[in-house]
Amino acid sequence: MRRILTSGGLAAALLAGPAAPLAVGSAAGSAAGGGSDRVDTGRQPLVSYHATFVPPGAATARVRAQYGADGGTVVRLRVWGLAPNRAYGAHAHKSSCGATDPTAAGGHFQHEQDPVQPSTDPAYANAHNEIWLDFTTDEHGNATARAVVDWRFPDDRRAGSVIIHDHHTKTGPTGQAGTAGARHGCLTVPF
Ligand SMILES: [Cu+2]
């Protein structure tokens, strides 16, 4: 079953992100009208921690999550009004956004939690165990990203935000994996 983007369907062709696509939407689509199988923030202002890279008041974002009956999760991110032609990192983080404190959102949400936090071990800090939503903006500062993972949030432990970072997320050995630089913006998401 196809999912229909409410706006900018063309953006689907530009989906960025390291996660390999799985069975997108095949199960999620069967629950039309359900309330708990999806989340949509609508388009909202991003909390800005950097005036140039996430212009306060001008930068907006929308996050949608679909929880499939197959046990997987699809997360879509759209951003508007960021710096043009620029690479950013983005991930689901544990807690909601701080109004002024970039660290308030905590670390990356991990399906299997690394006992060592903050986690930079590639066994845990990877696009299958975390939700990575890296993107590169177009000339208008707009972009889309999508992440697909084969797990769902447990009821008692859910992500709380998407953080926009300085650069694309690194892979590599412990110490590098999952890092993406400074936190420039944030959207609270009731995953
Ligand atoms: Cu992050």
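Where a number appears in this text, it was derived from the coordinates with a stated rule and is not lab data. None of the values given here were measured: they were computed from a predicted structure. Because the Cβ atoms are built from the backbone with ideal geometry, glycine has one as well, and the counts that use them run over all protein chains shown.
Here the stretch 88-103 and the stretch 127-148 have alpha carbon centers that stand 15 Å from each other.
Hey, fewest Cβ within 10 Å first, where do Thr169, Thr174 land in order? Write out the running numbers ahead of the final one.
Working: Thr169 25, Thr174 15.
Going from least to most buried by this count: Thr174, Thr169.
Semi-axes of the equivalent ellipsoid of the stretch 38-188 are 23, 18, 14 Å, computed as sqrt(5λ) over the eigenvalues of the C-alpha gyration tensor in descending order.
Charge dipole of the stretch 38-188 (Cα centre as origin; +1 on each Lys and Arg Cβ, -1 on each Asp and Glu Cβ, all else neutral): 420 debye, rounded to the nearest 20.
Dividing the alpha-carbon radius of gyration of the stretch 85-157 by the rule-of-thumb value 2.2 N^0.38 Å gives 1.22. Loop-resident GluC sites (Glu not before Pro) (DSSP state other than H, G, I, E or B) in the stretch 108-191 with no more than 12 further Cβ atoms inside 10 Å of their Cβ: Glu112, Glu139.
Quick check for me: using +1 on Lys/Arg Cβ and -1 on Asp/Glu Cβ, what's the dipole size of the stretch 38-117 about its Cα centre, in debye to the nearest 20? Write out the running numbers ahead of the final one.
Details: 8 positive and 5 negative charges, 83 e Å.
Using Cβ point charges on Lys, Arg, Asp and Glu, the stretch 38-117 gives about 400 debye.
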